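Chemist: Shown below is the structure under consideration.
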Amino acid sequence: MSMPVDLVQIRALAKQKEDENWRFRQFVKLECSLDNDEKDRQVWETTKAVWAGIDCTACANCCREIKPTFSEEEVNRLAARLGMTPIKFVETYLETHEDDGNPWQTRTTPCPLLKDNRCSVYEDRPADCKGYPYLYEPGFASRTIGMIGRTFTCPIVFEVIEVLKQSWGFTRRKKRRALPL
């Protein structure tokens, strides 16, 4: 399976499919006959198959576009790995983020820890990065707004959504326009 990883291409394709993706969201929530556990199971199976066809390090769009958040524990772990104090790590790379569990986020995009299209702290990366694009989390049907947004950045999400449309029987119908009277 060959998917484009160029951010310009991904955005163009996602924009082209955006209206259809919103209709798919409605289908998933209201019309799809699968129960939520079965939807999640199929999302996970599809994700596994799609993920096998792409090298995330050849893409790194998420690292170039998203500001991950950091907990205090993650700041301490990464600071130690980089041989600096937690205060210096925060001053160098992070800014305040309004979240009780994760009070910081990267200050810039691309991520300052991205070096030569690879995460320089991959083994110690924060949970936000480990879990991205969150396709393996339960409750897919209740998270479709976020997934539609991720189609603009992540080729895996884009392709998973396209495969699900087909396997779940979504018809790519266009909205009907009212005829002038």
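The values are calculated or read from the model by the stated rules, or taken from the named source; none is laboratory data. Note that this is a predicted model, so its numbers are computed, not measured. Note that we place each Cβ from the backbone using ideal geometry, even for glycine, and neighbour counts take in every protein chain shown. Accessible surface is based on the protein model in full, side chains and every heavy atom, while ligands, DNA and RNA are left aside. Shrake-Rupley method; radii C 1.70, N 1.55, O 1.52, S 1.80 Å.
Chemist: Pairing the Cα long axis of helix 36-51 with the longest principal axis of the chain, what angle in degrees results, from 0 to 90 and rounded to the nearest 10?
Modeler: Computed tilt is about 70 degrees.
Chemist: What nm distance separates the two modelled labels at Ala49 and Thr171, each placed 7 Å from Cα along Cα→Cβ?
Modeler: With each label placed 7 Å out from Cα toward Cβ, I get 2.3 nm.
Chemist: Can I ask one more? On C-alpha positions alone, give me the angle between the axis of helix 155-167 and the longest principal axis of the chain, in degrees, nearest 10.
Modeler: On a 0 to 90 degree scale, this one is about 30.
Chemist: Okay, moving on. Quick check for you: with a 1.4 Å probe and neighbouring chains kept, what is the accessible area per residue of the range 57-181, in Å²?
Modeler: On a per-residue basis, 58 Å².
Chemist: May I ask you to list the lysines whose Cα is less than 22 Å away from that of Lys115, ignoring any residue fewer than eight positions away on the same chain?
Modeler: Hits, sequence-local ones excluded: Lys67, Lys88, Lys130.
Chemist: Angle between the Cα long axis of helix 7-26 and the longest principal axis of the chain, 0 to 90 degrees, nearest 10?
Modeler: Rounded to the nearest ten degrees, it is 50.
Chemist: Computing the accessible area with a 1.4 Å probe over protein heavy atoms, can you report the carbon and sulfur percentage for the range 1-116?
Modeler: 50
Chemist: Let me ask something else about it. Using just the C-alpha positions of the range 84-143 as equal point scatterers, what log10 of I(q)/I(0) does the Debye formula give at each q in 0.22 1/Å?
Modeler: -1.07
Chemist: Return the distance in nm (one decimal) between the two label points of a simple spin-label model at Arg41 and Asn117, each offset 7 Å from Cα along Cα→Cβ.
Modeler: 3.8
Chemist: What 222 nm value per residue comes from the helices of the chain, counting each DSSP H run with n ≥ 4 as -39,500 (n - 2.57) and dividing by all residues, nearest 500 deg cm²/dmol?
Modeler: After summing the helix terms and dividing by residue count, I get -14500 deg cm²/dmol.
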